[in-house]
Amino acid sequence: MEKVILASRNKGKLKEIQAILEKFGMETISRDDAGIPEFEVEETGTTFEENSLLKAQAILDEAHTITIADDSGLEVDALEGAPGVYSARFAGENCTFEDNNRKLLKELEGVPEEKRGAAFVSVITMLFPDGRKLVARGECRGTILTEIHGTEGFGYDPLFLPEGENRSFAEMAPEEKNRISHRARALEKLEDMIREKCSC
């Protein structure tokens with residue numbers, strides 16, 4: 001069974017990606033299980049695609065085997081796509097989820113509901129040693145609420161109301177959120193791409 005290294009240490013992501021890749025005779029392992037040395041990839045890209053590629057390329061250069069990495073965040077229409085690739089540090093270095101949410105609410109003070117559109121974005125990059133590259137982008141559109149709703153999830157989940165829903169991401173059980181999330185949609189696209197473009 002061909003091995004694929006996941007650049008992330010997130011066990012949830014590992015499980016989700018393994019569920020897809022095992023259909024193609026691949027086994028997904030974490031960077032730790034693959035023995036990748038401890039180092040942080042500097043995310044210098046200005047897009048999710050660029051940062052996802054940087055992370056995947058760094059692991060591929062170390063391991064010389066198929067690698068998958070992802071980058072994700074929140075794009076708010078009224079803020080011209082911000083916080084975008086800076087989603088995790090929107091309120092500054094070493095900030096908390098609460099810090100980021102407070103800053104987002106402040107930035108959107110006075111913005112009417114119809115102009116509070118946003119999208120969670122996930123980009124997954126899969127690199128092969130022979131130079132093949134698959135890039136899958138998933139988006140979940142919604143609206144930024146005017147106050148915190150719910151205690152589940154993390155990040156901007158308490159402020160994000162997905163289209164067609166009456167509960168924020170933070171008011172949904174994890175399995176409910178994962179069915180409609182940006183990462184779920186990116187994973188669906190990745191599976192289609194592997195099926196269409198790879199002889200694996």
- Message: When you check Arg185 against the structure, is it among the charged types (D, E, K, R), surrounded by fewer than 15 Cβ atoms within 10 Å (Cβ to Cβ) and closer than 20 Å to Asp70 by Cβ, yes or no?
- Response: no
- Query: Residues in the stretch 151-174: is at least one closer than 30 Å to Lys3 by Cβ, surrounded by 15 or more Cβ atoms within 10 Å (Cβ to Cβ) and without any contact (Cβ under 8 Å) to a residue 40 or more places away in the chain?
  - Reply: no
- Note on the structure: Ala56: passes all of (1) free of Cβ contacts under 8 Å to residues at least 24 places away in the same chain; (2) surrounded by 12 or more Cβ atoms within 10 Å (Cβ to Cβ); (3) not acidic (Asp, Glu) but (1)
- Note on the structure: Among Glu40, Glu75, Glu49, the single one that is within 30 Å of Lys106 (Cβ to Cβ) and surrounded by fewer than 16 Cβ atoms within 10 Å (Cβ to Cβ) is Glu40
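Within the group Gly92, Gly131, Gly110, which residue is out of contact with any Gly (no Cβ under 7 Å at 6 or more places or on another chain) and either touching a residue at least 60 places away in the same chain (Cβ under 8 Å) or closer than 19 Å to Ser52 by Cβ (or both)? Break it down into steps so the answer makes sense when it comes.
Details: Gly92 fails: either touching a residue at least 60 places away in the same chain (Cβ under 8 Å) or closer than 19 Å to Ser52 by Cβ (or both); Gly110 fails: either touching a residue at least 60 places away in the same chain (Cβ under 8 Å) or closer than 19 Å to Ser52 by Cβ (or both).
Exactly one of Gly92, Gly131, Gly110 is out of contact with any Gly (no Cβ under 7 Å at 6 or more places or on another chain) and either touching a residue at least 60 places away in the same chain (Cβ under 8 Å) or closer than 19 Å to Ser52 by Cβ (or both), namely Gly131.
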- Task: Can you confirm whether the stretch 107-119 contains a residue that is of a type in the set (A, V, I, L, M, F, W, C), touching a strand residue (DSSP E or B) at 6+ places or on another chain (Cβ under 6 Å), within 20 Å of Ile66 (Cβ to Cβ) and surrounded by 15 or more Cβ atoms within 10 Å (Cβ to Cβ)?
- Result: no
- Note on the structure: Selection over the stretch 8-33 where residues are part of a loop (DSSP other than H, G, I, E, B) and farther than 23 Å from Lys177 by Cα yields a count of 4
- Note on the structure: Going through the stretch 144-179 in order, the residues found to be more than 17 Å from Leu74 (Cβ to Cβ) and touching a strand residue (DSSP E or B) at 6+ places or on another chain (Cβ under 8 Å) are Arg167
- Hey, can you tell me all the residues within the stretch 34-90 that are assigned to a loop (DSSP other than H, G, I, E, B) and within 17 Å of the chain's Cα centre (by Cα)? Val41, Glu42, Glu43, Thr44, Gly45, Thr46, Thr47, Gly81, Ala82, Phe90
- Selection from the stretch 70-83 of residues that are within 14 Å of Tyr156 (Cβ to Cβ) and either of a type in the set (Val, Ile, Thr) or touching a Ser or Thr at 6+ places or on another chain (Cβ under 8 Å) (or both): Ser72, Gly73, Leu74, Val76
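Laboratory data are not the source of any read-out in this text; all were calculated from the coordinates shown. Fair warning: this is a prediction, and the values are worked out from it, not measured in the lab. Please note: Cβ atoms are built from the backbone with ideal geometry, for glycine as well, and neighbour counts cover all protein chains shown.
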